[in-house]
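Here is the structure we will look at.
The values are calculated or read from the model by the stated rules, or taken from the named source; none is laboratory data. Just so we're clear, the structure is a prediction, and the values are computed from it rather than from any experiment. As a convention, Cβ positions derive from the backbone with ideal geometry for all residues, glycine included, and neighbour counts pool all protein chains shown. With ligands, DNA and RNA removed, areas are computed over all heavy atoms of the protein, side chains included. Shrake-Rupley method; radii C 1.70, N 1.55, O 1.52, S 1.80 Å.
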Amino acid sequence: MTQLSAINLLYWRDIKQTGIVFGSLLLLLFSLTQFSVVSVVAYLALAGLSATISFRIYKSVLQAVQKTDEGHPFKAYLDMEMNLSQDQIQKYTDCLQLYVNSTVKELRRLFLVQDLVDSLKFAVLMWLLTYVGALFNGLTLLIMAVVSMFTLPVVYDKYQAQIDQYLGLVRTHINTVVAKIQAKIPGAKRKAE
């Protein structure tokens, strides 16, 4: 999926396709709240197998009745090449390695207090996440993230002027509070803006 098609999906430009993806994701996540991952995967596999076996039997009966020789109904998919090349695997592992290395480097910087203000911000974030974790489990947060992913871009697109105005006020207030805190902490260096 290209970046443009993902954006089109999140902005509901093709309502039918977005509805199918959004509904399927929510159904999967709500299923995971009731059943184990193994059960959900097994039920999805059984549903898929039931559909393909039924379609194969239907086509075989139809070919026998009409006395045609169309062949296997999934022949085009069976003949498709589905192997990843060594270059593709190398590209994805290089990308993954870049993300892992940058994450480890940033965590090392935060935990070993290279910048006191950044480490304090991280500590406050972790402290706030303890309260979030007490209120929600990971699956609930994932459901909220999926719903937000499909609703917030559309809402922002529609009410961009009002949202930008209020975000500007919040950003100004946060910057003044951070500047006051930095002024009171000895040894806290200010970043050039």
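For the chain, the tally of Lys pairs with Cα-Cα distances below 29 Å comes to 18, considering only residues 8 or more apart or on different chains. Compared with the dominant Cα axis of the chain, that is its longest principal axis, helix 116-135 is turned about 50°.
For region 68-153, the gyration tensor built on C-alpha atoms gives an oblate shape. Its axis ratio a/c (a ≥ b ≥ c) is at least 1.5, and a/b is not larger than b/c.
Estimated from helices alone, the mean residue ellipticity of the chain at 222 nm is -27500 deg cm²/dmol (sum of -39500 (n - 2.57) over DSSP H runs with n ≥ 4, per residue). Both the radius of gyration and Dmax for the chain are 25.7, 88 Å, in that order, over alpha-carbon atoms.
At a probe radius of 1.4 angstrom, the accessible area of the chain per residue rounds to 82 square angstrom. Rolling a 1.4 Å probe over the protein heavy atoms leaves residue 171 with an accessible area of roughly 150 Å².
Decide, for region 15-104, between rounded, prolate and oblate: order the square roots of the alpha carbon gyration tensor eigenvalues as a ≥ b ≥ c, take rounded if a/c falls under 1.5, and otherwise choose prolate if a/b is larger than b/c, else oblate. In terms of gyration-tensor shape, oblate.
For region 68-101 and region 1-49, what is the separation of their Cα centres, given in Å? Here the two parts' Cα centres lie 21 Å apart. Share of the chain's accessible area from carbon and sulfur, percent, 1.4 Å? Ligands and nucleic acids excluded, carbon and sulfur give 67 percent. When region 48-193 is described by a simple charge dipole with +1 on each Lys and Arg Cβ and -1 on each Asp and Glu Cβ, the residue from 127, 178, 83 located farthest towards its positive end is 178. Among the chymotrypsin sites (Phe, Trp or Tyr not before Pro) in region 111-193, those located in a DSSP loop and surrounded by at most 13 other Cβ atoms within 10 Å of their own Cβ are 136, 159.
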